[in-house]
């Protein structure tokens, strides 16, 4: 048996409308809904991301606790990273850092519930396939 990949992620959110608006900026589209939930499609499955309504007073995820650290969304072209960053920042969302992970180049931001979202472009394998461990170190990165 071989795994095919990750099918979808479900995030607990305080405000379905605000969260859906954020993920729509990233390029997700609503593919369905039911009471207290929205299902978003990003290209891979019937839904790649589900938003699950919790209390508006629910605390944000703990930074030092166990659980999801972040999840990552891939773009087709490196230049799209800047476009997304500018669109998110222009809408008032908090940007974090940019990083060259050798195998990918990324920036990080916070969604309305303070979940960390990584936006990435996969670098060509030819640039790192002969490295012993391309995951060993990150490098500084400026968005193009």
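On the stretch given as region 103-130, residues that are surrounded by 16 or more Cβ atoms within 10 Å (Cβ to Cβ) and either under 20 Å from residue 144 (Cα atoms) or out of contact with any strand residue (DSSP E or B) (no Cβ under 9 Å at 6 or more places or on another chain) (or both) total 13.
Any residue at all in region 52-62 that is over 12 Å from the mean Cα position of the chain (by Cα), surrounded by 14 or more Cβ atoms within 10 Å (Cβ to Cβ) and closer than 24 Å to residue 140 by Cβ? Checked against the condition, which is being over 12 Å from the mean Cα position of the chain (by Cα), surrounded by 14 or more Cβ atoms within 10 Å (Cβ to Cβ) and closer than 24 Å to residue 140 by Cβ, region 52-62 yields no hits at all.
Are any residues in region 39-98 on the phi > 0 side of the Ramachandran plot and in contact with a helix residue (DSSP H, G or I) (Cβ under 6 Å, 6 or more places away or on another chain), and if so, which ones? If the condition is that a residue be on the phi > 0 side of the Ramachandran plot and in contact with a helix residue (DSSP H, G or I) (Cβ under 6 Å, 6 or more places away or on another chain), then no residue fits.
Taking the criterion of being under 11 Å from residue 100 (Cβ atoms), at pLDDT below 95 and touching a helix residue (DSSP H, G or I) at 6+ places or on another chain (Cβ under 8 Å), the only residue of region 120-144 that qualifies is 143. Checking each residue in region 108-119 for being out of contact with any helix residue (DSSP H, G or I) (no Cβ under 9 Å at 6 or more places or on another chain) and under 13 Å from residue 97 (Cβ atoms) picks out 108, 110, 116, 118.
Which of the strands (runs of 3 or more DSSP E) contained wholly in region 1-51 include at least 2 residues that are in contact (Cβ under 8 Å) with a residue 40 or more places away in the chain and surrounded by 14 or more Cβ atoms within 10 Å (Cβ to Cβ)? So that I can check it myself, show each step before the final result.
Working: elements: 9-13, 29-34, 37-41.
Passing ranges, in order: 9-13.
The values are calculated or read from the model by the stated rules, or taken from the named source; none is laboratory data. These figures come from a predicted structure and were not determined experimentally. Note that we place each Cβ from the backbone using ideal geometry, even for glycine, and neighbour counts take in every protein chain shown.
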